[in-house]
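The values are calculated or read from the model by the stated rules, or taken from the named source; none is laboratory data. Owing to the predicted nature of the structure, the values given are computational and were not obtained by experimental measurement. Note that we place each Cβ from the backbone using ideal geometry, even for glycine, and neighbour counts take in every protein chain shown. Areas reflect the complete protein model, heavy atoms only, side chains present, ligands, DNA and RNA absent. Shrake-Rupley method; radii C 1.70, N 1.55, O 1.52, S 1.80 Å.
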Amino acid sequence: MTSEEYWTMREIGTLFGATSHKVGKTLKDLGLRTQEGKPSTNAFEQGFVEQRWADDSPVYLWAWHKEKITALLEKAGFEKVTE
């Protein structure tokens, strides 16, 4: 599902050697996800996330703006291991 601009939490996590769960928890701490794990209204309004259809199944998922999210994660203490 990787595109240039929007990535899944799992894909973003690979940049930091982190799991999607760790990325998701941090996004909750930053107010970009609700306690239920869904993107917050703020995340949509500020362009941090978009709804996308999965490539391999007829379901949708949320994809996160790679540059915006990686910048926030770095400010939160994450360190990139790869690009």
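Listed here are the residues, each with its yes/no results for (1) out of contact with any Leu (no Cβ under 8 Å at 6 or more places or on another chain); (2) on the phi > 0 side of the Ramachandran plot; (3) aromatic (Phe, Trp, Tyr).
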| position | (1), (2), (3) |
| --- | --- |
| Phe48 | no, no, yes |
| Trp62 | yes, no, yes |
| Leu73 | yes, no, no |
| Ala76 | no, no, no |
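Here Gln35 meets the list (1) in contact with a Lys or Arg (Cβ under 8 Å, 6 or more places away or on another chain); (2) among the polar types (S, T, N, Q); (3) surrounded by 13 or more Cβ atoms within 10 Å (Cβ to Cβ) almost entirely, failing just condition (3). For region 57-73, the count of residues that are over 16 Å from Thr14 (Cβ atoms), touching a Gly at 6+ places or on another chain (Cβ under 9 Å), open to solvent by less than 60 Å² (accessible area, probe 1.4 Å) and free of Cβ contacts under 8 Å to residues at least 40 places away in the same chain is zero. Among the residues of region 38-47, what is the count of those that are out of contact with any Gly (no Cβ under 9 Å at 6 or more places or on another chain), within 17 Å of Thr26 (Cβ to Cβ) and open to solvent by less than 80 Å² (accessible area, probe 1.4 Å)? Selection size over region 38-47: 1.
Where helices (runs of 4 or more DSSP H) sit wholly within the chain, those with at least 3 residues that are of a type in the set (D, E, K, R) occupy 20-29, 66-75. No other residue among Thr14, Thr26 is within 18 Å of Glu4 (Cα to Cα), in contact (Cβ under 8 Å) with a residue 12 or more places away in the chain and among the hydroxyl-bearing types (Ser, Thr, Tyr) apart from Thr14. When you look at Glu50, is it of a type in the set (Asp, Glu) and surrounded by 13 or more Cβ atoms within 10 Å (Cβ to Cβ), yes or no? Against the criterion (of a type in the set (Asp, Glu) and surrounded by 13 or more Cβ atoms within 10 Å (Cβ to Cβ)), Glu50 qualifies. Taking the criterion of being more than 17 Å from Gly77 (Cα to Cα) and either under 12 Å from the mean Cα position of the chain (by Cα) or among the hydrophobic types (A, V, I, L, M, F, W, C) (or both), the residues of region 13-39 that qualify are Arg33, Gly37, Lys38, Pro39.
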